[in-house]
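The values are calculated or read from the model by the stated rules, or taken from the named source; none is laboratory data. Just so we're clear, the structure is a prediction, and the values are computed from it rather than from any experiment. Note: ideal-geometry Cβ built from the backbone for every residue, glycine included; neighbour counts use all protein chains shown. SASA here: full protein model, heavy atoms, side chains in, ligands and nucleic acids out. Shrake-Rupley method; radii C 1.70, N 1.55, O 1.52, S 1.80 Å.
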Amino acid sequence: MSKARIAAVDVGNDSVKALFGKSDYELNIPNVIARDREDRPVIGIEELNEKDPVDGIHIRVHSPALQDNNVIYRVGNLATKSDNATELDPGSSKSEEDQSLIMLFATLALDAVRAENSSDFKKTNNIVDATYLLGTGLPLREVKEGKDVGFRSQLLGSVHQVEFLVTPKYQGQKVNIKFDEVKVYPEGFAAFINLVMDNDGRIINRDLVDKQILIQDIGGLSTDIAVIRNRNVDDDKAQGFNLGVSESLEAIREEIRTKHGVELDSRRDVVDIITKKNDRNHIMVKGSRTSVHDITDRILLDLAKKEYRHLRNVWKKNSQTEICYFVGGGAMVLKEYLKTLNNSLDGYNIEFFEDEKESIWMMANAYYKLITDFDRKNNKAAAQDPKEKKAAVK
Ligand SMILES: Nc1ncnc2c1ncn2[C@@H]1O[C@H](COP(=O)(O)OP(=O)(O)OP(=O)(O)O)[C@@H](O)[C@H]1O
Ligand SMILES: [Mg+2]
C-alpha cells in the first residue's frame, strides 16, 4: 500500500507555487492554460526528450470535478506562447473555475510522475496511482461565502486523471490522482500562520501572536488585506481588491517597446530589470546602456499610491493595529516606493521580507506547515489508538 504524499499548493492568479513530500520537491508554474489538439506539432523527437517537462506541459484531464471534462490543454510556459491562452480574470472565483483545477491537477501529476517518487506511488503500465494529502487555500472572500466546502468535496469525492500527451520525458504516462484528505485554508490566515509557526508546528515570534496585525498581499491580479486579531482572521474586516502588479508590469513593457524599440519577452523580464542588484532600471538599446528609470518610476509610484490608499483605509478602520506586513510578488516590486511614500506620509509601522522565497512563497509555505502539522497530529492519534484514526481526521 502506498502512503499519501504531502502536497501544499498555492494556486496564485499569476503562478502556482507547490511544495511536496519532505519539502524534497517544489514547482512554480505560470497560471496560464490554452485548449489544444491532441497532436501539437513539435520540432523533432530529440528536442522533446531534452526539454524540461515543466516547459512543455501538454495534457488531457479527466475529472468529474471539471465543467469541461476530457479536454486537452497546454499549461504554463507552453500555453503562454499560444494565441488562445487564458489567464484568470480578477473578478472570477478560484473555487469555481476549471482553470484552478487544471493547474492543480497538472502540478500534482508532474510531481507524481517523477522517477524519484516511484517508491511512494504504485506504477503499472505507464499509469501512476498517486494519493495525496493536500493543503491549499482560497481567498477569504470565497471561504466567507462557504465555497471551500464544495471545492473540497469535489476533490475528495473522485479520482482525477492527467494524461501526458506531447510532453517531454512523460509522453504517454497517466496519473490517477486521489486524495486522502484535503484542507482548504483561507489565504490571509495562512499568511499569519507562516509568520508565527515553524515547520515543526511550534510557535515562533511569540510577541506577534497576540497582536493585531495586517497582512497586505500584493499579487499579480489581486491585493488582499487580512486583519488578524485574537489569533484569527477577522472575516468582516478583511478586504480584497482587484488590483495587482501584472497590469503595471505590462504597461512598463509596452512603454519600453514604444519608446526604445526593445521587445521584452515577458513580465518576468520587467521584474528582473526593476529588482536586479546591478544596473537596476537599465536596459541595452542597440548595444548602449540606457536608463528606463523614468518609465518604471512613474508607473510603479502610481501603483504604490493606490496600494497605500488601501492600506490607509483599512488601518483607519482598525486603528489598534500594531504592524502591517507586505507580502507577495507585488511587495518585492513596490517595496522602495511604499517605504518612501510611508516616510513622507503617515509613517505606519510597516515591514517587508528581504527574501523572495519568503515573500512570494508565503502561502505555499503556510499550507505546507499546516498540512504537515495536521499529518503529524493524525499519525500520533493513530499510533495511540488505530481506531481513533478516523476521528482524528475530522
Ligand atoms: N522574484 C520576484 N520578484 C519580484 N516580483 C516578482 C517575482 N516573482 C514574481 N514577481 C511578480 O510579482 C507578481 C505577483 O506574484 P505572486 O506570485 O505574488 O502572485 P500570485 O500569488 O500568483 O497572484 P494573486 O495573489 O493575485 O493570486 C507577478 O506579476 C510577478 O511577475
Ligand atoms: Mg498570491
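Put HIS310, HIS58 in order of accessible area, highest first, and with a 1.4 Å probe you get HIS310, HIS58.
Only aspartates and glutamates eight or more places from LYS380 in sequence, or on another chain, were considered; those with a Cα closer than 13 Å are GLU388. Placing unit charges on the Cβ atoms of the charged side chains and taking the dipole of the chain about its Cα centre, the candidate lying farthest along the positive direction among VAL262, ALA106, GLN212 is GLN212.
Would you rank PHE352, PHE20 by solvent-accessible area, highest first, keeping every protein chain in place and using a 1.4 Å probe? Could you put the intermediate results ahead of the total?
Details: PHE352 25, PHE20 0 Å².
Putting PHE352, PHE20 in descending order of accessible area: PHE352, PHE20.
Take the Cα of LYS169, go 7 Å toward its beta carbon, and the backbone nitrogen atoms of the range 1-23 under 17 Å from that spot belong to 18-21. When a 1.4 Å probe is rolled over the protein heavy atoms, the share of accessible surface on the chain that falls to carbon and sulfur comes to 46 percent.
Largest first, how would SER344, SER93 line up by accessible area (1.4 Å probe)?
Numbers: SER344 85, SER93 15 Å².
Result, largest first: SER344, SER93.
The length gained by stretching the chain between ARG114 and VAL149 to full extension, at 0.36 nm per residue less their Cα-Cα distance, is 9.5 nm. Comparing ASP217, ASP83, ASP375 in a Gaussian network model of the chain (Cα springs below 10 Å), the most mobile by mean-square fluctuation is ASP83.
Would you mind working out the magnitude of the charge dipole of the chain relative to its Cα centre, with +1 at each Lys and Arg C-beta and -1 at each Asp and Glu C-beta, to the nearest 20 Debye?
Details: 57 positive and 64 negative charges, 160 e Å.
Dipole about the Cα centre, nearest 20: 780 debye.
Within the same chain, aspartates and glutamates fewer than 8 places from LYS147 are excluded, and of the rest, those with a Cα less than 19 Å from its Cα are ASP10, ASP89, GLU96, GLU97, ASP98, GLU181, GLU187, ASP224, ASP234, ASP235, ASP236. Per residue, the chain exposes an accessible area of 48 Å² to a 1.4 Å probe, with every protein chain left in place.
Using the Cβ of GLN320 as centre and a radius below 13 Å, the other residues enclosed give a net charge of +2, where K and R count +1 and D and E count -1. Suppose we keep just the DSSP beta bridges with both residues in the chain; what percent of those would be antiparallel, to 5? About 65 percent, rounded to the nearest 5.
Subtracting the Cα-Cα distance of ASN242 and ARG202 from 0.36 nm times their residue separation leaves 10.9 nm of extension gain. For the range 5-186, the Cβ-based charge dipole about the Cα centre amounts to some 400 debye (Lys, Arg positive; Asp, Glu negative; other atoms uncharged). Between THR80 and ILE323, the FRET efficiency from the beta-carbon distance, with R0 = 45 Å, is close to 0.75. Return the single residue from GLN320, GLN154, GLN216 with maximal mean-square fluctuation; model: Gaussian network over the chain, springs between Cα atoms under 10 Å. Its mean-square fluctuation being the largest, the pick is GLN320.
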